[in-house]
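Read-outs: derived from the displayed coordinates by stated rules, not from any lab. Just so it is clear, the structure is predicted and the values come from calculations on it, not from any experiment. Cβ coordinates were reconstructed from backbone atoms using ideal geometry, including for glycine residues, and neighbour counts include every protein chain displayed.
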Amino acid sequence: MSGLYHDIQDCLAMGHYGAYVWSAYGLVTMVLVLNIWAIKSQRQQIRRRLQRWFKEQVK
Amino acid sequence: MQRFIYQFAASRHFYYQTQSWLFPLGLLAALFIMLGSLWGLFGVPPDYQQGDAFRIIYVHVPAAFLSMAIYAAMGFMAILLLVWRIKLAGIFLPLLAQIGASMAFIALVTGSIWGKPMWGTWWIWDARLTSELVLLLLYVSILATQFAVSNPEKAEKVIGILTLVGLIDLPIIHYSVYWWNTLHQGATLTLFEKPKIAPIMLYPLLLNLIGFSLFCAWVTLHKARDIVLFRERRQRWVMDLFAGGM
């Protein structure tokens with residue numbers, strides 16, 4: 001088991017470049033997730049504006 | 001061609017036509033990006049010069065490529081809007097700027113993170129880096145214009161003109177590594193020449209290139225459909241859709 005643990009450690013260390021590689025991939029993940037969140041927030045905003053607009057039309 | 005664009009750009013047609021594209025687009029984007037990144041991180045041997053630090057290439061190059069490709073697409077949209085007066089192109093312009101800015105930001109920051117261990121510095125004012133920074137600033141100024149002009153359709157026209165003016169930056173970015181002495185390495189992939197990367201290292205890069213492109217298309221399409229709905233709120237089909245619970 002300890003052999004496997006060692007391998008994973010090595011793998012994540014990325015030959016001493018771990019901090020660079022992982023922070024780069026972490027940042028990319030963050031930006032992509034933020035863009036997905038932006039879809040949702042824009043959709044909610046538009047839905048609210050549409051609702052308000054239709055309500056005004058009915059009046 | 002022109003007829004096809006006109007037909008497709010009819011809002012209602014666009015809205016219903018693209019409904020079925022969203023799910024497969026998103027699914028494929030997620031699959032390609034996950035496969036490409038995992039393969040690039042764990043399935044490829046380290047580079048003989050750069051060790052494991054080279055693995056940043058698998059996110060850096062797709063983002064950098066897309067930051068330019070998206071701007072080129074915006075140039076096309078600007079012409080569609082300003083010359084052919086296709087409203088749908090105007091809706092796409094600021095949306096493309098949003099995702100394009102994200103890509104330029106990723107390219108600059110991952111490049112910086114890659115530069116520190118390889119070049120010994122986070123940043124240097126050389127041609128490639130500076131021209132890419134100019135591209136990010138172009139995107140930011142376009143987004144600022146969108147917020148500054150309150151009438152969205154007027155804003156889109158201003159953005160269209162701004163986009164066309166900024167197009168000059170694209171060839172400068174592309175040729176910067178050939179025209180000037182630079183720390184940045186030359187292009188890894190070119191259209192007609194043999195890639196300067198071993199095939200085993202190339203495959204994950206291609207996967208991520210496709211994955212990132214699909215992701216950008218997916219995000220932009222999602223947002224564009226919602227905006228079309230709001231713009232066309234006076235139309236019968238939107239009212240029906242909304243009455244039906246959207």
Exercise for the section: Working carefully through the options B:Asp126, B:Asp52, find the one that is away from chain A (no Cβ under 14 Å), surrounded by fewer than 24 Cβ atoms within 10 Å (Cβ to Cβ), over 15 Å from the mean Cα position of the chain (by Cα) and of a type in the set (Asp, Glu). Expected result: B:Asp126
Problem - Answer residue from region B:199-243, given it is among the basic types (Lys, Arg) and touching a residue at least 60 places away in the same chain (Cβ under 8 Å) and is farthest from B:Ser37 (Cα to Cα) among those - result: B:Arg231
Fill in the blank from the handout: Checked B:Leu22, B:Leu41, B:Leu35 against criteria (surrounded by 13 or more Cβ atoms within 10 Å (Cβ to Cβ), under 30 Å from B:Ala155 (Cα atoms) and among the aliphatic types (A, V, I, L, M)); the one match is B:Leu22
Fill in the blank from the handout: Residue hits (region B:158-184; under 30 Å from B:Thr121 (Cβ atoms), polar (S, T, N, Q) and either within 19 Å of the chain's Cα centre (by Cα) or surrounded by fewer than 12 Cβ atoms within 10 Å (Cβ to Cβ) (or both)) are B:Asn181
